[in-house]
Amino acid sequence: MKLYYSPGACSLAAHIALRESGVTFDLEKVDLGQHKTASGGDYYRINPKGYVPTLKLDDGEVLSEAAVVLQYIADKKPESGLVPKPGTMERYRLMEWLTFISSEIHKTFTPFFHPEAGSKDAAKVQLAKRFDYVEKQLAEKPWLMGDTFTVADAYLFVVTNWTNIHEIDLSKWPKLKDFMARVKARQNVQEAMKAEGLIESS
């Protein structure tokens, strides 16, 4: 399978999931400004929505939307523990987290990337409320789902990492800060970030 990504975008969560799962994959960088792939292709022909992540499967099928792509990757290697088994209450809890991260944190960053979409100050107020909730959930456990790292943790890490770009101080949320440090310290996260040029290779 091939992941189409843009460095540091939400596609980084899928990139992390691919490395954590151990599945074989290829990467292709996308210039979202020009909608061109690294090989010179028209990205709209791969994903008419024009954004990342896009996962092209070995049979030619194409999947998009971060929450779906993350679950698909994890389900390819269930032994990785990145998602609970389908049909269990734990799986629905994971889906609950993915939806919350997507709609309440990820999308709230929109004004920072597209100023015409709304007020950054208003977005900061909303983000603070969402981070308050996450802080409470992380009070007694290392990961969102408990003791096991899942794709929800990868997704939360990636979107919350955008606070570094936009100078949003996380000191008010020490549990969230500790969570971010734990995720970043994972070898597969380091490798994904290095591959995308987000941190320097040692």
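Worth a mention:
- Among the residues of segment 1-43, those identified as aliphatic (A, V, I, L, M) and assigned to a loop (DSSP other than H, G, I, E, B) are Met1, Ala9, Val23, Leu32, Ala38.
- Neighbours by Cβ (under 6 Å, 6+ apart or cross-chain): first from segment 1-19, touching a residue at least 12 places away in the same chain (Cβ under 8 Å) and under 22 Å from Thr110 (Cα atoms); second assigned to a helix (DSSP H, G or I) and among the aromatic types (Phe, Trp, Tyr): Ala13/Tyr155
- The residues of segment 1-28 that are within 16 Å of the chain's Cα centre (by Cα) and either modelled with pLDDT under 95 or not aliphatic (A, V, I, L, M) (or both), listed by number, are Tyr4, Tyr5, Ser6, Pro7, Gly8, Cys10, Ser11, His15, Arg19, Glu20, Ser21.
- Only residues that are among the acidic types (Asp, Glu) and in contact (Cβ under 8 Å) with a residue 60 or more places away in the chain were counted across segment 154-202, and they come to 2.
- Matching residues in segment 66-87 - criterion: being surrounded by fewer than 16 Cβ atoms within 10 Å (Cβ to Cβ) and within 12 Å of the chain's Cα centre (by Cα): Val68
- Pairs meeting the criteria (first residue in segment 20-41 and touching a residue at least 60 places away in the same chain (Cβ under 8 Å), second residue assigned to a strand (DSSP E or B) and among the aliphatic types (A, V, I, L, M), beta carbons under 6 Å, at least 6 apart or on different chains) are Leu27/Leu3.
The values are calculated or read from the model by the stated rules, or taken from the named source; none is laboratory data. Just so you know, these numbers come straight off a predicted model, no measurement behind them. Note that we place each Cβ from the backbone using ideal geometry, even for glycine, and neighbour counts take in every protein chain shown.
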